[in-house]
1. Kindly give Rg over Rh for segment B:132-224, based on alpha-carbon atoms, with the Kirkwood expression for the hydrodynamic radius.
2. Non-local amide H neighbours of B:HIS4 (under 5 Å, H modeled in plane, Pro and chain starts lacking H): which ones?
3. Would you kindly derive the ³J(HN,Hα) couplings of segment A:31-48 from the backbone phi angles with the Karplus curve 6.51 cos²θ - 1.76 cosθ + 1.60 (θ = phi - 60°), listing them in order in whole Hz, with x for Gly and Pro?
4. With a cut-off of 8 Å between alpha carbons and a minimum separation of six or more residues, what is the relative contact order of segment B:132-224 in percent?
5. Taking the Cβ-Cβ separation of A:LEU143 and B:ARG171 as r and a Förster radius of 51 Å, what is the calculated FRET efficiency to the nearest 0.05?
6. Which FRET efficiency, nearest 0.05, do B:HIS76 and A:GLU178 yield, Cβ-Cβ r, R0 22 Å?
7. Would any residue of segment A:16-34 have its amide N under 18 Å from a label point 7 Å out along Cα→Cβ of A:SER186? List them or say none.
8. With r as the distance between the Cβ atoms of B:LYS153 and A:SER118 and R0 = 45 Å, compute the FRET efficiency 1/(1 + (r/R0)^6) and round to 0.05.
There are 2 protein chains.
Amino acid sequence: MTKHRILVVDDEESLCEILQFNLEVEGYEVDTADSAEQALAMNPERYSLILLDVMMGEMSGFHMAQLLRADPKTAHIPIIFCTAKDSEDDTVAGLNLGADDYITKPFSVREVLARVKSVLRRTAAQETAEDLLGFEGLQLDRLRKRCLLDGQKVPLTKKEFEILALLLAHRGVIFSRETILQRVWSDEVVVLDRTVDVNITRLRRKIGRYGEHIVTRSGYGYGFEA
Amino acid sequence: MTKHRILVVDDEESLCEILQFNLEVEGYEVDTADSAEQALAMNPERYSLILLDVMMGEMSGFHMAQLLRADPKTAHIPIIFCTAKDSEDDTVAGLNLGADDYITKPFSVREVLARVKSVLRRTAAQETAEDLLGFEGLQLDRLRKRCLLDGQKVPLTKKEFEILALLLAHRGVIFSRETILQRVWSDEVVVLDRTVDVNITRLRRKIGRYGEHIVTRSGYGYGFEA
DNA sequence: TCAACCTGTTACAATCCCGTTATCGAAGCA
DNA sequence: TGCTTCGATAACGGGATTGTAACAGGTTGA
């Protein structure tokens, strides 16, 4: 398991530092931003968790969360809200924007660490929860890293397997090449987006008649359709 | 959303009780059976999910799954297998019987809950499409980048899709060509505003009788009207 | 060490998207 | 009727997008 990267967004600099220090002690890689604008400018898609202050200067944390959710590159990233207010309205609104948890200020460092750990564990569990992905005679077993076509083993390479798993786990959804690169390749690796094309071609050929279920939406990307 | 009913089939009574208790805490309605025969006798078609032990007395879980799949009344019900063995043969056979997931014993209660939730979400998600934009028999699915006319797929190009999405999202509003160019094309790209006309024409033709709902306001622009 | 395999890049062909242009019709106005 | 303006539409073609074969560097394993 690679190190988790966490982005802390709060306009109180001292708070950012405290959180950064403590999270880094726990073994996370941490960056901080003191405004939503700054945070959005530093490639939020690279992080596996975002700690977000609700009350900030220009742009509120809620608004930023909305933007993150609207972009397919960042829509899946878990968000923990920090809020000083404990009015129900705020909380409810925040949760509907896809917050995965929230903490009310003032909070103890211990509390934050617990929430972070819990959210990361939960989302990690979700991603591996569906070990079996299938469509008719096509079965993916994520535990055994194996693909079966009508009960017959089909040797997929790692990349092919991961791409098919991604598409199959979100049947119907169209993923851009960029998103596929980000989710299947790690963030650090830089490859051309045409690489995705080539892997899709190889994948299509290997899964026989299900190849045509991997559809191309010109200008958008690829998806798995029934 | 009505409460989900879950049937737990396992010959270990204590295990049944533990699962029943925990699933009920999570808000599910749960019944248990200690044999495949008993389970089949209690109208399995009433359940939305079946948790099935592979190794049981007379009839194996696999065999029971086969029977469930053979009956159209129960063929659609998702099944999660519980198995102590992890031999390859068992798994392969299980997959072909249409298991939606499997868990190997010993398992934690947390793990079971996660799988149940995940499988139910997946099967439910297939029915309720998100991100839908529609007017009567005309549907736009933004995630799938797809347009349906009376349930029939209509192949729209990217530009056509984006324009229709814009108009449909703001029904009744008249957009100037300039605004449409700004929103659908990016700001950098420079094209003649007559280009919009042409794309509108192509779009109108493709969406059949709904073409006339895209109205022209001479001197102003275009909009979607009921 | 060699062979087999994985995988990113490149090149080229095929497709089709879509911007431009030209022509025509409709509406408004004198 | 003649003129002008605006929009509809057909047709063309350049260029963007995609599919795919081939190649090469890297890795793995015997």
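Derivation of every value follows stated rules applied to the coordinates shown; laboratory data play no part. Because the structure is predicted, anything quoted here is derived from the model rather than measured. So basically every Cβ, Gly included, is an ideal-geometry build from the backbone, and we count neighbours across all protein chains shown.
1. On the way: Rg = 12.5 Å, Rh = 13.3 Å.
My calculation puts Rg/Rh at 0.94.
2. Answer set, sorted by chain and number: B:GLU29.
3. 10, 10, 9, 9, 7, 4, 4, 4, 4, 5, 7, 9, 6, x, 5, 7, 9, 9
4. Details: 109 pairs, mean separation 25.2, N = 93.
Once divided by the residue count of segment B:132-224, the mean separation gives 27 percent.
5. For R0 = 51 Å, the calculated efficiency reads 0.60.
6. On the way: r = 36 Å, r/R0 = 1.63.
So the FRET efficiency works out to roughly 0.05.
7. A:27-31
8. Numbers: r = 43 Å, r/R0 = 0.94.
Efficiency computed from Cβ-Cβ geometry: 0.60.
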